[in-house]
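Just so you know, all these numbers are worked out from the coordinates, no wet-lab data involved. Every value quoted in this text rests on a predicted model; they were computed, and no experiment measured them. When we count neighbours, we look across all protein chains shown, and the Cβ atoms used for this are built from the backbone with ideal geometry, even at glycine.
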2 protein chains.
Amino acid sequence: MTPSKTHANPLFLRDEELRQAMELLFYAYRDFTAEPDAMLAKYGFGRAHHRVIYFVGRNPGITVSRLLAILKITKQSLSRVLGRLLREDFIVQRTDRVDRRRRLLFLTAKGEELERLLTDRQAKRIARAYRQAGAEAVEGFRTVLRGIINEDDRSRLAARPERR
Amino acid sequence: MTPSKTHANPLFLRDEELRQAMELLFYAYRDFTAEPDAMLAKYGFGRAHHRVIYFVGRNPGITVSRLLAILKITKQSLSRVLGRLLREDFIVQRTDRVDRRRRLLFLTAKGEELERLLTDRQAKRIARAYRQAGAEAVEGFRTVLRGIINEDDRSRLAARPERR
DNA sequence: AAATTAAGTCAGCTTTATTGACATAATTGA
DNA sequence: TCAATTATGTCAATAAAGCTGACTTAATTT
């Protein structure tokens, strides 16, 4: 299947190592999103709806512009997805008391239910991988992923979870 | 930003830990793909073209059906992307001598050049993260990601690179 | 000879994203 | 106070990337 497994090139291991990392990321993300995608299809939703539901659930009262910065998509792209989630009562918005230009977003009970449904499957997948890999590997996983993420967004993610 | 940091729920840390993992994956994949996406746009290509170029480059002589199994998309979706890469001479196909139903796919010089251009940026991002994190963290990263990937596709990815 | 496999193609559809322009309301700064 | 900026929302037009289902051709396998 994979050709040229010769060690003629002294950089082989390094290149091979990096390519494996890229493939691990690709396969992991592919499988990580496949289950929720299939469930969302039953609602006529796509992955974008999931992302919005997830981040609103995670950050109740988040603003539209904050959401845009997280998702890194355009306002128009978000607008269609968010608009539908609002119309179909998965999300509600409330005007911010302090800055009345802002619309704060919250999940409804219905939205929370769907969020749980989708996230639970993914959480189980992660939990299984974490359990199998052990605490040390988990720290490594987190450290490397944080290194892959652009500097400016790393702050949002704690270096290590508080010990329990 | 993030609300309800109370420890009322005894499962809080576990849930928090899993959500952080999901977010790490999301942000890492988002930033990992953003650079190539921007470069591809100059060619009028999208991420799908990159994936095809990458996997053909990685597995010269790969068949169409093998590619479909890796990407987990439909033949029609691949067809549009692959067709264009063939027409624009980034990829060539050669009929397999043994089984003449099969079309083996290869990058052209032009295809290889684009592949390198795209992959180099991503490789640098990974290399930087690997360097900063250290060998032990890298092993953990690999172990956890492998655990996230569906059983049936794990075989394609070696557990340890140096054991080749 | 029949069944299966590999590849390709047709038509029609949806989701998710893009750009650019513009509108409204509210807040901030000179 | 008035101008500039910010937050949100909306218009129209476009493209990428995926989907289903049906069908064909050629080659191989049973």
In nm, to one decimal, how far is the modelled label at B:Ala135 from the one at A:Glu88, with both set 7 Å along Cα→Cβ? 5.1
DSSP beta bridges in the protein assembly as shown: the antiparallel percent, rounded to 5, is 100
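Loop only by DSSP, 10 or fewer other Cβ within 10 Å of the Cβ. Give me the trypsin sites (Lys or Arg not before Pro) in the range B:69-108 that pass, ordered by residue number.
Passing both the DSSP loop test and the Cβ count: B:Arg97, B:Arg100, B:Arg101.
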So, in nm, how far is label A:Met39 from label A:Arg14 when the simple model puts each one 7 Å beyond its Cα toward the Cβ? 4.3
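Kirkwood hydrodynamic radius of the range B:17-148 from all distinct Cα pairs, in Å? Could the numbers behind the result be given before it?
Values: mean 1/r = 0.0608 Å⁻¹.
So the Kirkwood estimate lands at 16.5 Å.
Take every residue in peptide B:134-140, count the Cβ atoms of other chains within 10 Å of its Cβ, and give the average of those counts.
6
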Please report the relative contact order for the range B:69-164, taking Cα pairs under 8 Å with a sequence separation of at least 6, and give it as a percent rounded to a whole number. 14
Closest-to-axis residue of chain B (Cβ criterion, axis taking B to A), whole Å: B:Gly140, 1
One decimal, nm, nearest first: from B:Gly61 to the same residue in each other copy, label points 7 Å out along Cα→Cβ, the values are 6.2
Work out the mean other chain Cβ neighbour count within 10 Å for the residues of B:146-155 and drop it here as an integer. 6
Isotropically averaged projected area of the range A:80-164, using the convex hull of Cα atoms (one quarter of hull area), nm²: 8.6
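Which FRET efficiency value, to the nearest 0.05, is calculated for A:Arg100 and A:Glu151 with the Förster distance at 41 angstrom and r the Cβ-Cβ distance? Write down the numbers at each step before the final one.
On the way: r = 33 Å, r/R0 = 0.81.
Here the calculated transfer efficiency is 0.75.
Got a sec? How would A:Leu25, A:Leu145, A:Leu78 order by Cβ neighbour count within 10 Å, fewest to most?
Numbers: A:Leu25 21, A:Leu145 28, A:Leu78 18.
With the sparsest Cβ surroundings first, the list reads A:Leu78, A:Leu25, A:Leu145.
P(r) tail for the range B:64-130, what percent of Cα pairs lie past 16 Å? Show your work: numbers first, answer last.
Values: 1328 of 2211 pairs.
Roughly 60 percent, once rounded to a whole number.
Sort A:Lys110, B:Lys42 so that the residue with the fewest other Cβ atoms within 10 Å of its own Cβ comes first and the one with the most comes last.
B:Lys42, A:Lys110
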Could you check the simple spin-label distance between A:Ser65 and B:Asp120, using points 7 Å along Cα→Cβ, in nm with one decimal? 3.8
Run the numbers on chain B and let me know its relative contact order in percent, using alpha-carbon pairs under 8 Å that are six or more apart. 19
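Starting from the Cα gyration tensor of the protein assembly as shown, multiply each eigenvalue by 5, take the square root, and state the resulting semi-axes largest first in whole Å. List each step's numbers first, then the result.
Details: eigenvalues 266, 120, 65 Å².
Whole-Å semi-axes of the equivalent ellipsoid: 36, 24, 18.
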Any idea what the A:Lys42 label distances to the other copies are, label 7 Å down the Cα→Cβ vector, nm, shortest first? 4.6
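Within 10 Å of each Cβ in A:67-78, how many Cβ atoms from other chains are there, averaged over the peptide?
Values: counts 0, 0, 0, 4, 2, 4, 1, 0, 0, 0, 0, 0.
Counting Cβ atoms of other protein chains within 10 Å of each residue's Cβ and averaging gives 1.
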With +1 at each Lys and Arg Cβ and -1 at each Asp and Glu Cβ, the charge dipole magnitude of the protein assembly as shown around its Cα centre, to the nearest 20 debye, comes out at 640
